[in-house]
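Enquirer: Take this structure first; my questions come after.
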Amino acid sequence: MFELIKAGGWLMLPIILCSVVAFAILLERLWSLQTRRVIPPNLVAQVMTVVQERPSGSQAHPATARRLGSQLMKEDIEDVGRHVVHELERYLNTLGTIAAVSPLLGLLGTVIGRMIQAFSAMSSQGVSDPAVVSGGIAVALITTAAGLMVAIPALMAHRYLRGRIDGLVIAMEQEALRLVEVIHGERDDEAVSPARAVR
């Protein structure tokens, strides 16, 4: 393995660095994007329980919440939601950049590395010895293969995490709408009863 890395030239170093960063991002996002961490179970029920149990002199009295228009509450929720979505998408641009740049680094290593040497040897020695040309080209393709080996999993991880974030955003929007409807009495959902919230 070390011999292949050495034969690939100095551009193997940024390719390896890209693979380490991509793997670290994947692990961190898989941990952070767990449903139970983003949308805790019975979230609406817990919020309603806290609102209903506050003393009458508290600033967040239920009547105060109900006096706020549902449209105003939805706008506030959307504003907070934009910040949450930005947090969910953290490092995704970096992962996408790695997926796009890695094969280019591999191609660059192929072109400026052994490919030039292979054709230089072919021009000086002719094509009478195929081993000279084929050996140079085989070594030249190491960086290309390495770049693709990093880019393909990084692209798959990027697409998977993007889909997971989209699903979480939809679920959060549904929970937020449920909360607004319950607070304003537009919905009587058994799932938000204090009895079920305690479990």
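Enquirer: Just to be sure I understand the model, the point goes 7 Å from the Cα along the line to the Cβ. What's the resulting residue 87 to residue 111 distance in nm?
Expert: According to this spin-label approximation, the distance is 4.3 nm.
Enquirer: Separate question: Computed FRET efficiency, Cβ-Cβ of residue 173 and residue 104, R0 30 Å: what is it to the nearest 0.05? Mind showing how you got there, number by number?
Expert: Numbers: r = 37 Å, r/R0 = 1.24.
About 0.20, to the nearest 0.05.
Enquirer: What distance in nm separates the simple spin-label points at residue 148 and residue 24, each placed 7 Å from Cα in the Cβ direction?
Expert: Taking the simple label geometry, residue 148 and residue 24 are separated by 2.8 nm.
Enquirer: Follow-up question, since we're still on this one. Please compute the net charge surrounding residue 83, taking Lys and Arg as +1 and Asp and Glu as -1 over other residues with Cβ under 13 Å from its Cβ.
Expert: Net local charge, residue 83 excluded: -3.
Enquirer: Hey, can you rank 156-162, 79-85 by average C-beta count inside 10 Å, highest first?
Expert: On the way: 156-162: 17.0, 79-85: 11.9.
In descending order of packing, they fall as 156-162, 79-85.
Enquirer: Moving on to the next point. At 7 Å along the Cα-to-beta-carbon direction for both residue 4 and residue 46, put a label point, then send me their distance in nm to one decimal.
Expert: About 4.7 nm separates the two model spin labels.
The numbers here are math on the coordinates, done by the rules we state, and not lab data. Predicted model, so just to flag it, every value in this text is computed and none were measured. Ideal geometry is used to build each Cβ from the backbone, glycine not excepted, and the neighbour counts take in all protein chains shown.
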